[in-house]
Amino acid sequence: MTARHLGIDVGGTNCKLAVLETGGRPRLLATTTVPTGAGGPGEVVDRVAAAAAGLLADHGPVAAAGVGVPGLFDEASGRTLLLPNLPAAWTGYRLRDPLADRLGVPTALINDARSFTLAESRMGAAAGCSTVVCLTIGTGVDGRLRLGPHGRAGEVGHQVIDPDGPPCGCGNRGCVEAFAAGPALCRLGGHDSPEAVFAASAAGDPRAEAAVRAVVGRLAVGIANLVTVLWPERVVVGGGVAAAGERLFAPLRRAVAASAPLVDPAAYEIVPAALGPVAGAVGAALWARERTAAVTGGYGPRR
């Protein structure tokens, strides 16, 4: 039976929305983006709800909504717990129920990296693979989606690769994210965007070249650990840093192969994400569909 689902990806800079037709082969119908802004979470909910209303006026109605959040949350209460790249006011905020009330449909939360993985594994660069690792490298790093008992498994960007490394937004030190996320590359390379750092590196800027080598090397260690432990068919890399294309992927593949000598490089691929900036919203919509199918009568009660 054909149905439509709404996906919302809450980011540190923008919130992206997507409507997916999910009967049979999923089909992306429409997307829109609104700035997250500097206000509190209640203001963000207002902006997202208004954007959703406009989107659904032309492409609704939807059976349910999924919301990708950039961190940890409590599934039972719908409250956010730890969102390293959003202001402190988001901690403990009851996000799910206000959104469900405004949208008028059952609403489920999912971590944004999991929603990215779900989208790329079902509709993107890892479609058809039985085992896949996905990383998003923008503001942060991060068959069947493996969520763990509390929906928090898979924080691959928060594996520690140097216990004495720089502080990470999660509260630890030396995580892959602390070394390899977009802000780290920009800080090391002396430019405002990852794309600018890679362009400067390609033009021979010594500082940018050193920054790219450092970030690629640290990211390669994290991916090599995952490849050695999991032996995935494919590693999908998305986010702002991944937009550099082969200027990132060519040295990254070589560095991963050197750091994972027990795994034949021919056994896996490292590829860019295929769905672009809306992957998180698409995955959230797919999550809404899965939860609709799994739970009769909905989830994330509207209050």
What about A211, is it modelled with pLDDT under 90 and among the aliphatic types (A, V, I, L, M)?
-> no
Can you name every residue in segment 81-136 that is under 13 Å from the mean Cα position of the chain (by Cα) and open to solvent by 20 Å² or more (accessible area, probe 1.4 Å)?
-> N85, D112, T117, T136
Answer residue from segment 107-138, given it is in contact with a Ser or Thr (Cβ under 7 Å, 6 or more places away or on another chain) and within 23 Å of V45 (Cα to Cα) and is modelled with the highest pLDDT among those = F116
Counted residues in segment 91-117 being under 21 Å from A153 (Cα atoms) and not hydroxyl-bearing (S, T, Y) come to 11
Scanning segment 70-87 for residues that are of a type in the set (S, T, N, Q) and part of a loop (DSSP other than H, G, I, E, B), which turns out nearest to E177 (Cα to Cα)?
-> N85
If S259 passes every condition in (1) closer than 24 Å to A127 by Cβ; (2) at pLDDT 95 or above; (3) small (G, A, S) but one, which one does it miss?
-> (1)
Test G42 against the stated conditions and say whether it is surrounded by fewer than 17 Cβ atoms within 10 Å (Cβ to Cβ), at positive phi and out of contact with any His (no Cβ under 9 Å at 6 or more places or on another chain).
-> no
Please state which of the following conditions R291 fails to meet, knowing it meets all the rest: (1) surrounded by 16 or more Cβ atoms within 10 Å (Cβ to Cβ); (2) farther than 24 Å from H5 by Cβ.
-> (2)
With respect to L226, is the statement that it is surrounded by 16 or more Cβ atoms within 10 Å (Cβ to Cβ) and closer than 30 Å to L55 by Cα true?
-> no
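The values are calculated or read from the model by the stated rules, or taken from the named source; none is laboratory data. Here the structure is a predicted model, which is why all the values come from computation and not from measurement. Reconstructed Cβ throughout: ideal geometry from the backbone, glycine too, with neighbour counts over all protein chains shown. Just so you know, the surface numbers come from the protein's heavy atoms only, side chains and all, with ligands and any DNA or RNA stripped out. Shrake-Rupley method; radii C 1.70, N 1.55, O 1.52, S 1.80 Å.
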